[in-house]
Amino acid sequence: MDKQIELFLDYLSVERGLAKNTILAYRRDLRDYTFFLEAVAKKTVAASSREDIRDFMLHEKDKGLSVNSISRSLAALRMFYRFLTREKLIKSDISSYIDSPRLWKKIPDVLNFDEVERLIEAPDLNTKQGIRDRAILEVMYATGMRVSEVAGVRLTDVNMDVGFLRCLGKGRKERIIPLGAKAVTAVTRYLEKVRPQAVKPGTAELFLNRSGKKISRVSLWKLIKVYARRAHIKKSIRPHTLRHSFATHLLERGADLRSVQEMLGHANISTTQIYTHINKDRLRSIHKMFHPRG
């Protein structure tokens, strides 16, 4: 493997004209990778697989390396495997179709099922505000809508009989999202007991503030943080926490990526694929915890 690495580095220097510091960095990355293959995977480069590359990246992440450093390592490995394939030193380039580690940093903490339930049940249903807030939280988790989208939902966008909600997302693209039984129940209670008495003339939005006007995205964000504290949730809570949890939980329970993409309103499925990293990490931790040889 040392000979293959030296041939590759000579190619980078002579034919590609890369800077000396870049070549030194690539040398370190490839040394680390080949050491991982030999010591952990017990393989040679010729016998390696895509899973070995992914495992190496996760190994580097566990060591505390930054996403940028791991991304550079992947760039080095991709060039290395392409070179070896072109020189017919290996049969095929296994580095293709591996997601960039840069996607990892886009995923904040997601809530587990118990945390979501505690969050949603935190509002006091004996108060009008609690009834409204329960409906808001149920809708956010049931649909995966962005905070700004929830604030903009109009009364006419909700079909309670069928159990669907019409959402206008980025670029005013329309999508139809199922509400689910619990969200329908919560919204029905809100529509019967709270909204008619609170709404000001000319207000078309579903969810209202204390003045009877459209609730703002900032108010929704504050609302989530308040109930997260009340539910004793220690994780970092962000505006899209319920949206991320919605997508992750659907995928964990077997939903197909295309359906989740449609419900989230992602133009590109690669954006939705971010959530598969969470599933892989979760599966790996479960395997390590429960497998006798984990």
Of all residues in the range 141-163, how many are crowded, with 16+ Cβ neighbours inside 10 Å and assigned to a strand (DSSP E or B)?
-> 1
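Suppose the filter is over 21 Å from Ala247 (Cβ atoms), part of a helix (DSSP H, G or I) and not charged (D, E, K, R); does Pro196 pass it? Talk me through it step by step, then tell me what you get.
Working: over 21 Å from Ala247 (Cβ atoms): yes; part of a helix (DSSP H, G or I): yes; not charged (D, E, K, R): yes.
Spelling it out, Pro196 is indeed over 21 Å from Ala247 (Cβ atoms), part of a helix (DSSP H, G or I) and not charged (D, E, K, R).
Answer with yes or no whether Ala25 is touching a helix residue (DSSP H, G or I) at 6+ places or on another chain (Cβ under 7 Å) and under 24 Å from Ile274 (Cα atoms). Walk me through it before giving the result.
Working: touching a helix residue (DSSP H, G or I) at 6+ places or on another chain (Cβ under 7 Å): yes; under 24 Å from Ile274 (Cα atoms): no.
When the stated conditions are applied, Ala25 does not pass them.
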So which of Phe35, Phe83 ends up being closer than 23 Å to Tyr11 by Cβ and in contact with a helix residue (DSSP H, G or I) (Cβ under 8 Å, 6 or more places away or on another chain)?
-> Phe83
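Which of the residues belonging to the range 65-97 are part of a loop (DSSP other than H, G, I, E, B) and on the phi < 0 side of the Ramachandran plot?
Of all residues in the range 65-97, those part of a loop (DSSP other than H, G, I, E, B) come to 65-66, 87-97.
Result: Leu65, Ser66, Glu87, Leu89, Ile90, Lys91, Ser92, Asp93, Ile94, Ser95, Ser96.
Are there helices (runs of 4 or more DSSP H) fully within the range 225-280 with at least 3 residues that are more than 25 Å from Leu58 (Cα to Cα)? List them. Spell out the reasoning first.
Working: elements: 241-252, 257-264, 269-272.
Those helices (runs of 4 or more DSSP H) span 257-264.
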Of the listed residues (Leu191, Leu223, Leu206, Leu251), the one being closer than 21 Å to Ile274 by Cβ and of a type in the set (A, V, I, L, M, F, W, C) is Leu251
Of the residues in the range 93-102 that are surrounded by fewer than 19 Cβ atoms within 10 Å (Cβ to Cβ) and out of contact with any Phe, Trp or Tyr (no Cβ under 9 Å at 6 or more places or on another chain), the one that is modelled with the highest pLDDT is Ile98
Would you check if Arg230 is touching a residue at least 60 places away in the same chain (Cβ under 8 Å), at negative phi and loosely packed, with under 15 Cβ neighbours inside 10 Å?
-> yes
Do we have Arg118 as touching a helix residue (DSSP H, G or I) at 6+ places or on another chain (Cβ under 8 Å) and within 19 Å of Thr241 (Cα to Cα) here?
-> no
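Which of the following residues is part of a helix (DSSP H, G or I), over 26 Å from the mean Cα position of the chain (by Cα), over 15 Å from Ser216 (Cα atoms) and among the charged types (D, E, K, R): Arg132, Arg189? Before you say what the answer is, go through the steps one by one.
Details: Arg132 fails: over 15 Å from Ser216 (Cα atoms).
Sole residue among the options that is part of a helix (DSSP H, G or I), over 26 Å from the mean Cα position of the chain (by Cα), over 15 Å from Ser216 (Cα atoms) and among the charged types (D, E, K, R): Arg189.
The values are calculated or read from the model by the stated rules, or taken from the named source; none is laboratory data. Only a predicted model underlies this, so the values are computations on that prediction, with no experimental measurement involved. Positions of Cβ are backbone-derived with ideal geometry, glycine not excepted, and every protein chain shown enters the neighbour counts.
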